[in-house]
1. Suppose the filter is acidic (Asp, Glu) and either touching a residue at least 24 places away in the same chain (Cβ under 8 Å) or surrounded by 15 or more Cβ atoms within 10 Å (Cβ to Cβ) (or both); does ASP15 pass it?
2. Look at ILE87 and say whether it is near the ligand (Cβ under 10 Å from one of its atoms) and modelled with pLDDT of 95 or more.
3. Name the residue that is farthest from GLY92 (Cα to Cα), counting only residues in segment 23-66 that are within 14 Å of the ligand (Cβ to nearest atom) and of a type in the set (Gly, Ala, Ser).
4. Determine, yes or no, whether ALA219 is touching a residue at least 60 places away in the same chain (Cβ under 8 Å) and surrounded by fewer than 20 Cβ atoms within 10 Å (Cβ to Cβ).
5. Say whether the condition of being within 23 Å of TYR11 (Cα to Cα), outside any loop (DSSP other than H, G, I, E, B) and more than 16 Å from the ligand (Cβ to nearest atom) is met by at least one residue in segment 175-196.
6. Looking at segment 143-154 only, could you name the residues that are under 21 Å from the mean Cα position of the chain (by Cα) and outside any loop (DSSP other than H, G, I, E, B)?
7. How many residues does segment 90-123 hold that are buried (at least 20 other Cβ atoms within 10 Å of the Cβ), away from the ligand (no atom under 11 Å from the Cβ) and not aromatic (Phe, Trp, Tyr)?
8. Against the conditions (1) in contact with a helix residue (DSSP H, G or I) (Cβ under 8 Å, 6 or more places away or on another chain); (2) more than 20 Å from LEU216 (Cβ to Cβ), where does LEU151 fall short? Just the number, please.
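The values are calculated or read from the model by the stated rules, or taken from the named source; none is laboratory data. Treat the numbers as computed from the prediction; the structure is a model and nothing was measured. Cβ coordinates were reconstructed from backbone atoms using ideal geometry, including for glycine residues, and neighbour counts include every protein chain displayed.
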Amino acid sequence: MLIESALEAQYLGQDEGLRLTSPLKGRLELARMQDLMGRYLPEPPALVGDIGGGPGTHANWLQERGYSVELLDPMPQHIETARAAGIDATIGDARKLPWEDEYFDAVLMAGPLYHLTRVEDRLTALQEATRVTRPGGFVAVVAINRTANLLGAMLANELQQRMPVVQEILDTGFSPANDRMAETTYHTVSQLRQEMTGHGLRSITVHGLTGPGGWLTVALDAHFRNQQPPATLTDPDPLHTALTCSRIADRFPELLPASSQFFAVGQRA
Ligand SMILES: C[S@@+](CC[C@H](N)C(=O)[O-])C[C@H]1O[C@@H](n2cnc3c(N)ncnc32)[C@H](O)[C@@H]1O
């Protein structure tokens, strides 16, 4: 079977469903994903593929907005959770999709690009995502910024302890499996654009998913998780502040590398 044991180790030990609903950083990511997908999705009803969809957090809100969604993920526990929530979910791998050509109106692939550590595998996954999207439909993918760990560790005041891993990621764009994550790929903006190119996608655009506002959420999660932050930080609402900042930053491409995650999108020719 295709599930690598490190991937199992990462997801069996955590509730992936809480990632986007509990910490401020996850809540910001969810809100921004809704913003950005909303710009590219056709009006409902339409059929959306959610590749590497995990337990179905995005599939859930897409269905609530009137889209039909089919989700694919290699982790049986995620498939079970998604099915329990009423999502059409299949065990599978982004590198070999079970759908026919031009099946979806749009595809979201948030996971495989950072979990697949061989470039050939990422290109195959992108080729597959494009193949199952109809001409004119959008393929949207998520990647993690190569500098995200440097800034995240610094804001958590953990840079000294995490320096060996941070340095390896900066040097290679890759981290082997560790106590926090399965082996992972980290992208630069130009690398992501390059990997998106050549599969039949046009008008490729890269956005900051969490944007610069994400760093406020990282700092607050690191220092005040489950505690009341000091009054100076609660007014105004920090999630609102972070969202406002990241939405404004969308208009300034020079701020793109200041996002911990990227959302890249292209239209099938
Ligand atoms: C961090 S989760 C993201 C889940 C969801 N897409 C989201 O954005 O919240 C990454 C997901 O990618 C899945 N994944 C990893 N390798 C994959 C592959 N080769 N094909 C499809 N999914 C994969 C994992 O099982 C996991 O559910």
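1. no
2. Criteria not met by ILE87.
3. ALA31
4. It is false that ALA219 is touching a residue at least 60 places away in the same chain (Cβ under 8 Å) and surrounded by fewer than 20 Cβ atoms within 10 Å (Cβ to Cβ).
5. No, segment 175-196 contains no residue that is within 23 Å of TYR11 (Cα to Cα), outside any loop (DSSP other than H, G, I, E, B) and more than 16 Å from the ligand (Cβ to nearest atom).
6. ALA143, ILE144, ASN145, ALA148, ASN149, LEU150, LEU151, GLY152, ALA153
7. Here the count works out to 3.
8. (2)
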